[in-house]
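Below is one structure, written out as structure tokens; the observations come after it.
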Amino acid sequence: MNCTKCKTKAVIGLPRHNAAFCKGCFNGFVHDQVARAIKSEKMFGKEDRVLVAVSGGKDSLALWDILLKLGYRADALYVNLGIGTYSEQSHAKVTKFAVMVTASHGATLHLHTVEQEAGAGIKELAQLIHRPTCSTCGTIKRYQFNRVAIEQNYDVMATGHNLDDEAARLLGNVLHWQEEYLDKQGPSLPASVDGFAKKVKPLYRLSERELAAYAVLNRIDYIVEECPMAKGSKMLQYKEVLNRLETESPGTKQMFYWGFLEKQSKKQPTATTMTEKDRAILHPCTSCSQPTTAEVCSYCKMMLRAKTVVPR
Amino acid sequence: MEDYDPPMQVQLSHPARTVEVKGPKKVKELLRELNLVVEAHLVIKGDDLVTEDEMLYDGDQIEIRPVISGGTPERTSLVNRKSNFVSSFYE
């Protein structure tokens, strides 16, 4: 198989684009897809400060790498969840990568350790407060990324969600007819109220396989092991089903998610109406001031419970 | 006595294990034989990515790397459907 562009030996075939690329042309393709996402969704500009949420996995490290190579001012935040050797390994991968980009691009890595603040790792914390681990993880990560973005004056926070993540999430929401979640499944969410950072997903045009290939080709050392807490999750089941469809019918995932985005763009909500909705229901948490619909936000409730039951 | 190449060594993940497969065989045939979906895997020979039409031979060191991850949890029906604990954050 030869590269569609330069006709040298290809390293990856992309059936959904009816193309194959060598390393150089594939890197160009990936960078172009991210640049198109940033521009078409008006995510951020070259002067903006971007905070990338990194986990040690392929997507987030690839995102940080791509943004820096495209010339953006991108720093990162890693949240150590305290999941035994998995967190130790992912922390090490992030630190190793950060040493390189700090030297070559002057980027900064911020760190937050759940155990230091809550007195326990995510698994123990979830058990103590009787919540599913993935839900606890989501609440903590969203809170900490937003907190650092606001406190450190970043213009926007970027996550490594890819086409597979978004297609699987859309499938889950459609299967359960959770229409209220669909409004916020776009790749760019505005900073609707004071205390919320703008949130973007620059990788939504790239599949998980393409991002893994980018990481391998560019010698990005990421954690291959799956998070032990995610085993058997519905999200993984949806991805498996979508990948079987994709293999039989290339382009299925992008038709599903991009088609959804196109339909959403032709109707409401626009950024304005989303902002209006948020402003009507959100107000500052009495404990931490981050926006919430309740008196005290979910994160502060969680920490309060943890601090009453975890011996310090 | 004829020279003998051992079968190709194929490293798999989740769980980590190595299996031996007799070559020669195309990448897509190897994946099919192992019942693995192309879209969810990369095939790495030595240090290089290889395409589905590449031929693999006895003696080759192959890694089949899964590319699927759980993804950072987001607010969806999957995680908070029955919860009344979470108030709001990007909801």
## Note on the structure
Calc'd 3J(HN,Hα), the stretch A:202-217, phi into Karplus 6.51 cos²θ - 1.76 cosθ + 1.60 (θ = phi - 60°), Hz, glycine/Pro = x, comes to x, 9, 5, 8, 10, 7, 4, 5, 5, 6, 5, 5, 4, 5, 5, 5
### Query
For chain A, what percent of Cα pairs sit more than 26 Å apart?
49
### Shielding of B:38-48 by partner chains, average beta-carbon count, 10 Å
5
### Query
Relative to the longest principal axis of chain A, what angle (0 to 90°, nearest 10) does the C-alpha long axis of helix A:58-69 take?
70
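I need the calculated FRET efficiency for the pair A:THR8 and A:LEU70, taking r as the beta carbon distance and R₀ as 30 Å, to the nearest 0.05.
0.80
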### Query
Looking at the square roots a ≥ b ≥ c of the eigenvalues of the Cα gyration tensor of the stretch A:37-91, which shape do they give, rounded for a/c under 1.5, prolate if a/b is larger than b/c, or oblate?
prolate
### Message
Can you give me the long-range amide H partners of A:CYS6? Hydrogens built in the peptide plane at 1.01 Å from N, cutoff under 5 Å, separation of 5 or more residues or another chain.
### Response
A:CYS22
### Message
Suppose only helical runs count, i.e. DSSP H with n ≥ 4. What mean residue ellipticity at 222 nm does that imply for the protein assembly as shown under -39500 (n - 2.57) per run, divided by all residues and rounded to the nearest 500 deg cm²/dmol?
### Response
-13000 deg cm²/dmol
### Query
Which order results if A:MET235, A:MET43 are arranged by neighbouring Cβ count within 10 Å, fewest first?
A:MET43, A:MET235
### Task
Give me a single rounded figure for A:173-184: the average over its residues of other chain Cβ atoms within 10 Å of their Cβ.
3
### Query
Which order, highest average first, do A:206-212, A:223-229 follow once you tally other Cβ atoms within 10 Å for each residue and take the mean per peptide?
A:206-212, A:223-229
### Task
Mind telling me which of A:LYS96, A:LYS267, A:LYS198 comes out most flexible in a GNM of chain A, alpha-carbon contacts under 10 Å?
A:LYS267
### Message
Taking each residue in A:133-144, count the Cβ atoms of any other chain within 10 Å of its Cβ, then average. What number comes out?
### Response
5
### Message
Can you give me the C-alpha center-to-center distance between the stretch A:9-82 and the stretch A:194-254, rounded to a whole angstrom?
### Response
13
### Query
Looking at the square roots a ≥ b ≥ c of the eigenvalues of the Cα gyration tensor of the stretch A:114-209, which shape do they give, rounded for a/c under 1.5, prolate if a/b is larger than b/c, or oblate?
oblate
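Once you order the gyration tensor axes a ≥ b ≥ c over the Cα atoms, which shape class does the stretch A:222-294 get: rounded for a/c under 1.5, otherwise prolate or oblate by comparing a/b with b/c?
Note, shape of the stretch A:222-294 comes out oblate.
With +1 on each Lys and Arg Cβ and -1 on each Asp and Glu Cβ, and nothing else charged, work out how big the dipole of the protein assembly as shown is about its Cα centre, in Debye to the nearest 20.
Numbers: 53 positive and 49 negative charges, 237 e Å.
The dipole of the protein assembly as shown has a size of about 1140 debye.
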### Summary
For the stretch A:31-267, percent of DSSP beta bridges that are antiparallel (nearest 5) comes out at 10
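Quick note: the coordinates plus some simple rules give every number you see, no bench work behind them. Just so we're clear, the structure is a prediction, and the values are computed from it rather than from any experiment. All Cβ positions, glycine included, derive from the backbone under ideal geometry; neighbour counts span all protein chains shown.
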